[in-house]
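Just below is one structure, and these are the notes that go with it.
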Amino acid sequence: MAVITMREALNQALREEMLRDQNVFLMGEEVAEYQGAYKVTKGLLEALGPKRVIDTPITELGFAGLGVGAAMVGLRPIIEFMTFNFSILATDQIINSAAKMLYMSGGQFKIPIVFRGPGGSAFQVSSQHSQAMESWFAYFPGLKVVMPSTPADAKGLLKTSIRDDDPVIFIEQERMYGNKGDVPEDPEFTIPLGLADVKREGTDATIVARSLMVPVALKAAEQLEKQGISCEVIDPRTIRPLDIDTIVESVKKTNRVVVAEESHPFCGVAAEISMEIMERAFDYLDAPVKRVSGVDVPMPYAKNLEALAIPDVDQLVAAVREVSYI
Amino acid sequence: MQCAHFCGCRAPVLHVLTNVAYNQRPKTQQQTVSSALVHTALKRQESNRRPVRKQMSKQTAPSEMSTGPGEKSRTGVIDQNPLKAVSQQLKTVKQEQKHRVDDVDEKTLIELYRQMLLVRRFEEKAAEAYSMGKIGGFCHLYIGQEAVAIGAISAIRTDDYVLTSYREHGHAIAKGISPDAVMAELFGKSGGCSHGKGGSMHMFDRNLNFLGGHAIVGGQIPLATGVAFASKYKGTDQVTLCFFGEAAVNQGAFHESLNMAQLWKLPCIYICENNQYGMGTSLDRAMSFQNIAEKACAYEIASEFVDGMDVLAVREATAQAVERARKDHLPTLLEVRTYRFMGHSMSDPGSYRTRAEIEKHQERDPVKLFFSTLKEKGIIDDAALAEVEKSVREEVEHALRFAEESPSPGPEELYTDVYSNPIVPGNRAPNK
C-alpha cells in the first residue's frame, strides 16, 4: 500500500494495463506530449511510445468512432475525453456504435473499449464545462458506467474496465484528482464491476452516494454520529450494472435512505435508485426515500452561486434528519 | 506536383484526367491545365464570393456541360445535358469499358456480371417480399448502383474489410455473404447473417470481414477509419473499404475521418457513392460545393472521380487505391457517380424527381451496359446470358425459400448479446 492521489492511481492503472496487453492503446486530446490536460497520462508517452499513446486533433466524434472501429477488429482502445463535457460530440459513436454493435451483429462484434476522463462539476468553469453525464450513458443497455470515489477504487476499477470486453464509460470526478488514499501496488489488484462498496457501516439511515458525494456523505455521517444517528454510506461505484442488492440490504437494516448526487435531479441516477428501492424494499421503509441532488439549473460561474448548486454536508445532514423525522 | 484537381494541394495524383468519368465531371474540372491553374488562382482570390465562382465556371467550362439558369433540374450528370449528350456519354463509357475488358480475364468478367445480375434480381425479389409484408422496417434497395459495390469489392482480398451504410444488401453479397443469409436477415430470421437482430440496415459477417451496415448517415466513416488504424497498428497489410452516400459528405464524421486518415496515414479507401439524392433532397439543394472528389484536397488525400455505371472503371480505380493503401498505408477518396433507380426506401413516394429523369439514367443501366460490352467483345452471348440469368434466379428463389423456412429467433434471444461479459451485480467473484 502507498498513499497516492487519484490522478496517480489512474496513471498506474493505465501504465500497468498497457504494459500487460499490447493491444491496449490510449488516444485523446493532449494525452501524449502535453502529458494530459489533468496529468493523468503523465509519463506514458515516454514509457510506451507514440504508437500507443496518441495525441488527437480536437475531433471527438472522429476519434471516438475510430476507437470503436479499432475495437471491432481486436484492439482495446482507451479513449480519453479531456472532459466528459466533450463526449457530447461523440455520443453518436458511443451510443449508436459502441453500445449496440454486439447486439445488432447478433453477437459477432464485441467492443472492448474504455471511454474515460473527468466529469461532474469542476472549479468555476461555468455551464459547458461543469456537468454530470452519467445518467445519459447509464440509460443505454450495452454500456457499463463506472464512477470511482477513492484512489484505490479508481485504480482497481479502471484496470477491470480495460480488461472488460464491453464498452465502459469511466467517469473520474474532476475535483477529486488530487484526493489521496491508500492504493495497493499489486499489478493484479482489480475490483469487479457491478459491486457496491460499503464506505461506512451504520444502523439508523443509509446514504447512497457516488463520486464527489462520497466524501461529502462521509463527513455528514461523522456529524450525524455526534447527533446520535448512525449512518451507513454505500457507494455503488458502478452505475450500470447497479448493485442494487447491496443497497436494498442496507435499507432493510436501516429503514431510511437518502440518495445523494451532484447531477441534476430530473431523470437522474438517484431517481432510478429511489425507484428500485421502492420496488424491492417498500415494506421496509419507515420514511419516503429522499433525494439530494445538484440544483436543476446550468452550472453558474460565480463562486457563491456555484457552491449553492452542488449538495453539501449540511444538506445531507438535514436530509438524513428529515427521513429520521427528527 | 499538382494534384489531379489542379487545386494546388499536395495530394498525390492517381489518374490525371484519364478516367472516362472525366466527361461527367462537374464543369470546373473540365479544363485544360492552364485554364485550371488560372481558375484556381482566381478562385483563391475570390474564395469568399460564391457567385464569382459560378460566373467563372461559365467562362471556362465547355458549353455542353453548362447549366443554364432556366434548366429545371441540375441534380444529375445526365440531367444537366440534352439527350444528345447522353448518347454521347453512353458511347464513351462503352468504348472505355471495352478497352478495360482487355485487362481482365474472362472468368472474372463473367463473375462480375453474374454478381451484378444476382444483386439486381435479389433486390427485385426483396421488393416483392417487402410489398407482401414479409420484410419489415426500412428497406433500401441497391438497384442502379450495383457496379459500385461489385466493382470495388472485386478489387480487394477476402481478408480486407468492408463497412457500409444502410443500403447494403449488394455490398453484403459482393463480400461473400450468401443471398440466403442476407434474405433471412431481411426476414428477421435466425438464419440471417446477424441472426435476425440487425435487419436490412445492420448486416455483419465476422468471418468474411464484413463489418456492417450502419444506419446513422456517415456513422461508418469513423469506424472504418478505426479499422484501418488497427491494420496499421497490428502491422498487417489489410485495407478497408468504406462506402457511404454523398449525403454523408455533409456530416462532420466524414471530414473528421479524412483528416485523421491522412494525418496518421491509414489504409482506408473512402468510396462515396454519389447517387445524387440524400433521401428526397437533391445534391443541388444540399451541398454548396458539389465536387466531392475535390474536397479530398482539403486533407491532401488522393482522390478520383469515377463513373459508377461502369463496373470496370470502379474496379480499376479501387485497385489503384488499394495498392497505395496496402503498400504505403495511404487513404484515398473515390467519388463514384451513380444513380438509384428505385426510391430511397420502399416507402418513398418519389415526388422529388421525374420519371423522365430516372429513365434517362436507366439508359446507362450498369448491368445492361456491361452485358452489351461483354456481348460486343464476344465474351458472352445470349445463350450464356440466359444461363447466368437462370442460375441467378434459382439462387434468389433458394434465398427466398431459405428465409421463409428459417426459424424466427427464440424469445430467449431478446436478452442475449447485450453484453459480451454480462455481470451479475453484487457478484464478488473477480471479472474474467
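Would you check which residues across the stretch B:317-330 are in a helix (DSSP H, G or I) and surrounded by fewer than 23 Cβ atoms within 10 Å (Cβ to Cβ) and list them? Before you say what the answer is, go through the steps one by one.
Initially, the stretch B:317-330 is screened for residues in a helix (DSSP H, G or I), giving B:317-328.
Once the filter is applied, which keeps residues that are in a helix (DSSP H, G or I) and surrounded by fewer than 23 Cβ atoms within 10 Å (Cβ to Cβ), the stretch B:317-330 yields B:Ala319, B:Gln320, B:Val322, B:Glu323, B:Arg324, B:Arg326, B:Lys327, B:Asp328.
If you check B:Glu128 against the conditions, is it of a type in the set (Asp, Glu) and over 18 Å from the mean Cα position of the chain (by Cα)? Please lay out each step first, then the result.
Numbers: of a type in the set (Asp, Glu): yes; over 18 Å from the mean Cα position of the chain (by Cα): yes.
So B:Glu128 fits the description; yes.
Name every residue in the stretch A:48-92 that is without any contact (Cβ under 8 Å) to a residue 24 or more places away in the chain, more than 19 Å from A:Asp21 (Cβ to Cβ) and among the small types (Gly, Ala, Ser), in order of residue number.
Within the stretch A:48-92, A:Gly62 is the sole residue that qualifies.
Any residue in the stretch B:378-406 that is assigned by TED's automatic domain parsing to the domain that holds B:Leu117 sitting within a Cβ distance under 6 Å of a residue that is exposed (fewer than 14 other Cβ atoms within 10 Å of the Cβ)? List the pairs, counting only those 6 or more apart or interchain.
B:Ile379/B:Glu106
Mind listing just one residue for me: the one in the stretch B:175-190 that is of a type in the set (Gly, Ala, Ser) and out of contact with any Leu (no Cβ under 9 Å at 6 or more places or on another chain) and, of those, farthest from B:Asn207 (Cα to Cα)?
Kept after step one, since they are of a type in the set (Gly, Ala, Ser), are these residues of the stretch B:175-190: B:176, B:178, B:181, B:184, B:188, B:190.
After this cut, where a residue has to be out of contact with any Leu (no Cβ under 9 Å at 6 or more places or on another chain) as well, the list is B:178, B:181, B:184, B:188, B:190.
Numbers: B:Ser178: 12, B:Ala181: 13, B:Ala184: 18, B:Gly188: 20, B:Ser190: 17 Å.
Top of the filtered list is B:Gly188.
With charged (D, E, K, R) and under 17 Å from the mean Cα position of the chain (by Cα) as the only criterion, which of B:Glu256, B:Glu300, B:Glu246 stands out? Lay out the reasoning, then the answer.
On the way: B:Glu256 fails: under 17 Å from the mean Cα position of the chain (by Cα); B:Glu300 fails: under 17 Å from the mean Cα position of the chain (by Cα).
Of B:Glu256, B:Glu300, B:Glu246, the one residue that is charged (D, E, K, R) and under 17 Å from the mean Cα position of the chain (by Cα) is B:Glu246.
Going by the structure shown, is B:Glu256 acidic (Asp, Glu), crowded, with 22+ Cβ neighbours inside 10 Å, at pLDDT 95 or above and part of a helix (DSSP H, G or I)?
Details: acidic (Asp, Glu): yes; crowded, with 22+ Cβ neighbours inside 10 Å: yes; at pLDDT 95 or above: yes; part of a helix (DSSP H, G or I): yes.
Yes: the conditions hold for B:Glu256.
So, in the stretch A:62-82, of the ones that are under 21 Å from the mean Cα position of the chain (by Cα) and surrounded by fewer than 24 Cβ atoms within 10 Å (Cβ to Cβ), which residue ends up nearest to the other protein chains (Cβ to nearest Cβ)?
Once the filter is applied, the top-ranked residue is A:Arg76.
Just name the residue that is farthest from B:His140 (Cα to Cα) out of those in the stretch B:229-263 that are within 8 Å of another protein chain (Cβ to nearest Cβ) and touching a strand residue (DSSP E or B) at 6+ places or on another chain (Cβ under 8 Å).
Our first condition is that a residue be within 8 Å of another protein chain (Cβ to nearest Cβ); within the stretch B:229-263, this holds for B:229-231, B:233-234, B:252-253, B:256-257, B:259-260, B:263.
Checking the rest, the ones that are also touching a strand residue (DSSP E or B) at 6+ places or on another chain (Cβ under 8 Å) come to B:231, B:233, B:257.
On the way: B:Ser231: 30, B:Tyr233: 35, B:Ser257: 25 Å.
Here the residue is B:Tyr233.
For the stretch B:216-227, enumerate the residues that are at the interface with chain A (Cβ under 8 Å from one of its Cβ atoms) and either in contact with a His (Cβ under 8 Å, 6 or more places away or on another chain) or not in a helix (DSSP H, G or I) (or both). Full working, then the answer.
The initial filter retains those residues of the stretch B:216-227 that are at the interface with chain A (Cβ under 8 Å from one of its Cβ atoms), namely B:216, B:219, B:221-227.
Those that are at the interface with chain A (Cβ under 8 Å from one of its Cβ atoms) and either in contact with a His (Cβ under 8 Å, 6 or more places away or on another chain) or not in a helix (DSSP H, G or I) (or both): B:Ile216, B:Gly219, B:Leu223.
Got a sec? Which of A:Lys100, A:Lys39 is among the basic types (Lys, Arg) and within 14 Å of chain B (Cβ to nearest Cβ)? It would help to see each step written out before you state the result.
Working: A:Lys39 fails: within 14 Å of chain B (Cβ to nearest Cβ).
Of the residues listed, the single one that is among the basic types (Lys, Arg) and within 14 Å of chain B (Cβ to nearest Cβ) is A:Lys100.
So that you can scan it fast, the table gives a plain yes or no per residue for (1) modelled with pLDDT of 95 or more; (2) among the aliphatic types (A, V, I, L, M); (3) within 30 Å of B:Thr158 (Cα to Cα):
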site: B:Gln290; (1), (2), (3): no, no, no
site: B:Ala321; (1), (2), (3): yes, yes, yes
site: B:Leu330; (1), (2), (3): yes, yes, yes
site: B:Thr338; (1), (2), (3): yes, no, yes
site: B:Asp348; (1), (2), (3): no, no, no
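Of all residues being surrounded by 23 or more Cβ atoms within 10 Å (Cβ to Cβ) and under 13 Å from A:Pro148 (Cβ atoms) in the stretch A:161-189, which is farthest from the chain's Cα centre (by Cα)? Just the residue, please.
The selected residue is A:Val183.
I'd like the residue in the stretch A:262-301 that is in contact with a strand residue (DSSP E or B) (Cβ under 8 Å, 6 or more places away or on another chain) and assigned to a helix (DSSP H, G or I) and, out of all such residues, is nearest to A:Ala196 (Cα to Cα).
For the stretch A:262-301, the residue satisfying everything is A:Ile273.
Return the residue satisfying two criteria in turn: it lies in the stretch A:5-28 and is of a type in the set (Lys, Arg) and either free of Cβ contacts under 8 Å to residues at least 40 places away in the same chain or within 19 Å of A:Lys180 (Cα to Cα) (or both), and of such residues it is surrounded by the most Cβ atoms within 10 Å (Cβ to Cβ). Reasoning before the result, please.
Residues of the stretch A:5-28 that are of a type in the set (Lys, Arg), as a first pass: A:7, A:15, A:20.
In the following step, the residues that additionally are either free of Cβ contacts under 8 Å to residues at least 40 places away in the same chain or within 19 Å of A:Lys180 (Cα to Cα) (or both) were identified as A:7, A:15.
Values: A:Arg7: 23, A:Arg15: 18.
Among those that are of a type in the set (Lys, Arg) and either free of Cβ contacts under 8 Å to residues at least 40 places away in the same chain or within 19 Å of A:Lys180 (Cα to Cα) (or both), it is A:Arg7.
Which condition number does A:Val31 fail, the rest of (1) crowded, with 22+ Cβ neighbours inside 10 Å; (2) in contact with a Phe, Trp or Tyr (Cβ under 9 Å, 6 or more places away or on another chain) being met?
For A:Val31, the failing item is (2).
If you check A:Arg163, A:Arg237, which single one turns out to be at positive phi, at pLDDT 95 or above and within 14 Å of chain B (Cβ to nearest Cβ)? Before the answer, list the steps.
Working: A:Arg163 fails: at positive phi.
A:Arg237 is the lone residue from the list that is at positive phi, at pLDDT 95 or above and within 14 Å of chain B (Cβ to nearest Cβ).
Restricting attention to the stretch A:113-158, and to residues there that are in a helix (DSSP H, G or I) and over 14 Å from the mean Cα position of the chain (by Cα), which single residue is farthest from the other protein chains (Cβ to nearest Cβ)?
As a first pass, look at the stretch A:113-158 and keep what is in a helix (DSSP H, G or I): A:127-129, A:134-138, A:151-158.
Within this subset, residues satisfying the condition of being over 14 Å from the mean Cα position of the chain (by Cα) are A:127-129.
Working: A:Ser127: 23, A:Gln128: 18, A:His129: 21 Å.
Among residues in the stretch A:113-158 that are in a helix (DSSP H, G or I) and over 14 Å from the mean Cα position of the chain (by Cα), the one farthest from the other protein chains (Cβ to nearest Cβ) is A:Ser127.
Starting from residues that are more than 10 Å from chain A (Cβ to nearest Cβ) and surrounded by fewer than 24 Cβ atoms within 10 Å (Cβ to Cβ), keep the ones in the stretch B:188-215 and report whichever is nearest to B:Ala129 (Cα to Cα). It would help to see each step written out before you state the result.
At the first step, the residues of the stretch B:188-215 found to be more than 10 Å from chain A (Cβ to nearest Cβ) are B:188-189, B:191, B:200, B:208.
After this cut, where a residue has to be surrounded by fewer than 24 Cβ atoms within 10 Å (Cβ to Cβ) as well, the list is B:188-189, B:191, B:208.
Numbers: B:Gly188: 12, B:Lys189: 14, B:Gly191: 17, B:Leu208: 26 Å.
Selected residue: B:Gly188.
Mind checking which residues of the stretch A:83-97 are surrounded by 24 or more Cβ atoms within 10 Å (Cβ to Cβ) and within 7 Å of another protein chain (Cβ to nearest Cβ)?
Once the filter is applied, which keeps residues that are surrounded by 24 or more Cβ atoms within 10 Å (Cβ to Cβ) and within 7 Å of another protein chain (Cβ to nearest Cβ), the stretch A:83-97 yields A:Gln93, A:Ser97.
Report, by residue number, each residue of the stretch B:113-144 that is touching a Gly at 6+ places or on another chain (Cβ under 7 Å) and surrounded by 18 or more Cβ atoms within 10 Å (Cβ to Cβ).
B:Val119, B:Tyr142
The values are calculated or read from the model by the stated rules, or taken from the named source; none is laboratory data. Values in this document were obtained by computation on a predicted structure and should not be read as measured data. Ideal geometry is used to build each Cβ from the backbone, glycine not excepted, and the neighbour counts take in all protein chains shown.
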